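Participant: One structure coming up, written as structure tokens, with questions to follow.
The values are calculated or read from the model by the stated rules, or taken from the named source; none is laboratory data. What you see is a predicted model, and the numbers here were worked out from it, not measured in a lab. Note: ideal-geometry Cβ built from the backbone for every residue, glycine included; neighbour counts use all protein chains shown. These area figures cover heavy atoms from the full protein model, side chains too; ligands, DNA and RNA do not enter into them. Shrake-Rupley method; radii C 1.70, N 1.55, O 1.52, S 1.80 Å.
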Amino acid sequence: MENKLKILIVDDEVNLLKTLSDILSKNGYDVSVARDAHTALRTLEKGGFDIALLDVRMPQMNGVELLEKIKQEHRGIEVIIMTAYGTIDTAIKSIKLGAYAYMLKPLDIDEMLTNIQKIVKLKALKDEARFLQWQLEEQHGYKNIIGNSGAIKRVVDTIKKVSASDSTVLTMGGSGTGKEMVSDAIHYSSRRYAKPYVKINCAAFPENLLESELFGYEKGAFTGADKQKKGKFEVADGGTLFLDEIGDMPLAMQAKLLRVLEKGEFERLGGNEVIKVNVRFIAATNQNLEKMIKEKYFRSDLFYRLNTVIINLPSLVERKEDIPLLIGHFIENFSTEMNKKAPKVVKEAMDLIMSYPWPGNVRELANAIERATIFCEDGVIRPSDLPPNIQAGHAEVPSAETSGDLTLEVLEKRHISNTLKHTKGNKNEAARVLGIHRETLYKKIKKFNIKDV
Ligand SMILES: Nc1ncnc2c1ncn2[C@@H]1O[C@H](COP(=O)(O)OP(=O)(O)O)[C@@H](O)[C@H]1O
Ligand SMILES: [Mg+2]
């Protein structure tokens, strides 16, 4: 039997020690014995024990005191208390101190074996939960945030601190600087890690849809509302809600959001029932909210409610020293994924990368390295493996292709699609780039039947 469960029996009665240890050994457990508390503690120091069975009345230190010490020093060990002199008081005290069970002597061996089996199952569940948490942290925790620059170290430091609290966090930075990654790291390092983690991109919905996505609605609230639907606030109850592109939230919605942030309560659309939720909010934006406040596009009261903790993510060119580290990280990830040996980057390619302005920040760098890992030959990334605009040394600007036989409509559709691709589907941003009103953009998207990008 691999990985035998290790049990320590502590009792000053030699006969009991012998009988019980024989039975447990026969049942496949790895058993040690001790005749007093001090010996027991020395034995536990060796490590690897899963369960301790403790007699109560013993010379020097009694079993209940020993239980307390074990729970302080070896938290993973489950304890069963056994006594011939049972009193309600010791029973209650033992359970309060964290004993798994309290058994009376003479011992019922079947009951003892059942208790031990239950502990085995409990341990397996705990191990699994710990493994799942470890896996989540491994994939999404702050350890994945690569960078040695002072700015990134400060970001990681802040994440560690705010993870322990429920405070609202506002993350600001350009597209691809890692805002969503920061939100992931906060959620998965917080107490809420096993609770819902819900994300919504405020720029991806027209106003009325955004409202019903966030608040949910009652049956019959509007045409098409054929059944009740929970909104993101409710779905995220107990957990974290990530409000991406909060700068793109329409003003009327900002006022409604403020109430939820302040009171933790709201009503579904078309409903009267006040719903209370416990949600931790993390917001992100690539816009200059202070400037938007001046221009009256963003409510200052909402800003002050959100800015308890602000995390500013620097652009990639502001922390060039992190680029080599990030390259190493992405090469490692992509080559493992592609089952390829990790390629080296030649100096000429490295020079191009270091002098390129990276308007799309880490996201753009990750994409460039992914492409280079695919295209490179002989385990070497050369300038020719990099995207053409990086080889040319300048950032790509969105532009519609022009060709003699294209109609204006086709050109318009293409230009809108391309712009949407560049703004990663952010319609407010696209409307701004295109110089048209948000509503006009929605109409055109519908007219040209442009699919989500
Ligand atoms: N410091 C970093 N270390 C490693 N990967 C990063 C870092 N910053 C960003 N990334 C990666 O870059 C991509 C874009 O990050 P994301 O958080 O989506 O940016 P944003 O939300 O600011 O647009 C993601 O794949 C993310 O994993
Ligand atoms: Mg993002």
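Participant: Please specify each residue of segment 1-13 satisfying the condition of being of a type outside the set (Lys, Arg) and more than 14 Å from LEU53 (Cα to Cα).
Facilitator: We begin by selecting, within segment 1-13, every residue of a type outside the set (Lys, Arg); these are 1-3, 5, 7-13.
Scanning segment 1-13 gives MET1, GLU2, ASN3.
Participant: Scan PHE222, PHE298 and give me the residue that is away from ligand 2 (no atom under 16 Å from the Cβ), assigned by TED's automatic domain parsing to the domain that holds VAL169, part of a loop (DSSP other than H, G, I, E, B) and closer than 30 Å to ILE145 by Cβ. Break it down stepwise before answering.
Facilitator: Numbers: PHE222 fails: closer than 30 Å to ILE145 by Cβ.
Result: PHE298 is the single residue among PHE222, PHE298 that is away from ligand 2 (no atom under 16 Å from the Cβ), assigned by TED's automatic domain parsing to the domain that holds VAL169, part of a loop (DSSP other than H, G, I, E, B) and closer than 30 Å to ILE145 by Cβ.
Participant: Going by the conditions given, is LEU125 in the same structural domain as LYS18 (by TED's automatic domain parsing) and surrounded by 12 or more Cβ atoms within 10 Å (Cβ to Cβ)? Give the derivation first.
Facilitator: On the way: in the same structural domain as LYS18 (by TED's automatic domain parsing): yes; surrounded by 12 or more Cβ atoms within 10 Å (Cβ to Cβ): no.
Taking the combined requirement at face value, the residue does not satisfy it.
Participant: Also, I was wondering about something else. So, in segment 425-453, of the ones that are β-branched (Val, Ile, Thr) and open to solvent by 30 Å² or more (accessible area, probe 1.4 Å), which residue ends up nearest to CYS202 (Cα to Cα)? Break it down stepwise before answering.
Facilitator: Residues of segment 425-453 β-branched (Val, Ile, Thr): 433, 436, 440, 445, 450, 453.
Okay, now just the ones that are also open to solvent by 30 Å² or more (accessible area, probe 1.4 Å), so 433, 436, 440, 453.
Details: VAL433: 18, ILE436: 19, THR440: 18, VAL453: 15 Å.
Looking at the filtered set, the residue picked out is VAL453.
Participant: Could you please find all residues in segment 267-277 being more than 26 Å from the chain's Cα centre (by Cα) and not in a loop (DSSP other than H, G, I, E, B)?
Facilitator: LEU269
Participant: OK, next. If you check every pair at least six apart or on different chains, which have Cβ atoms under 9 Å apart with a residue in segment 430-449 that is on the phi < 0 side of the Ramachandran plot first and a residue that is aromatic (Phe, Trp, Tyr) and part of a helix (DSSP H, G or I) second?
Facilitator: Listed pairs, sorted by first residue: ALA431/TYR442.
Participant: As an exercise: evaluate MET181 against (1) within 13 Å of ligand 1 (Cβ to nearest atom); (2) in contact with a strand residue (DSSP E or B) (Cβ under 8 Å, 6 or more places away or on another chain) and give the number of the one condition it does not meet.
Facilitator: Answer for MET181: the failing condition is (2).
Participant: If I filter segment 144-163 down to residues being among the small types (Gly, Ala, Ser) and farther than 17 Å from ASN307 by Cα, which single residue comes out as farthest from ligand 2 (Cβ to nearest atom)?
Facilitator: Here the residue is GLY150.
Participant: Looking at GLU262, GLU321 in this structure, which one is open to solvent by 40 Å² or more (accessible area, probe 1.4 Å), assigned by TED's automatic domain parsing to the domain that holds LEU209 and either touching a residue at least 40 places away in the same chain (Cβ under 8 Å) or under 24 Å from GLU429 (Cβ atoms) (or both)? Explain how you work it out, then say what you get.
Facilitator: Numbers: GLU321 fails: assigned by TED's automatic domain parsing to the domain that holds LEU209.
After ruling out the rest, the residue left standing is GLU262.
Quick grid of which residues meet (1) away from ligand 1 (no atom under 13 Å from the Cβ); (2) out of contact with any Phe, Trp or Tyr (no Cβ under 7 Å at 6 or more places or on another chain); (3) under 30 Å from PRO324 (Cα atoms); (4) open to solvent by 40 Å² or more (accessible area, probe 1.4 Å):
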site: MET103; (1), (2), (3), (4): yes, yes, no, no
site: GLU111; (1), (2), (3), (4): yes, yes, no, yes
site: GLN117; (1), (2), (3), (4): yes, yes, no, yes
site: THR168; (1), (2), (3), (4): yes, no, no, no
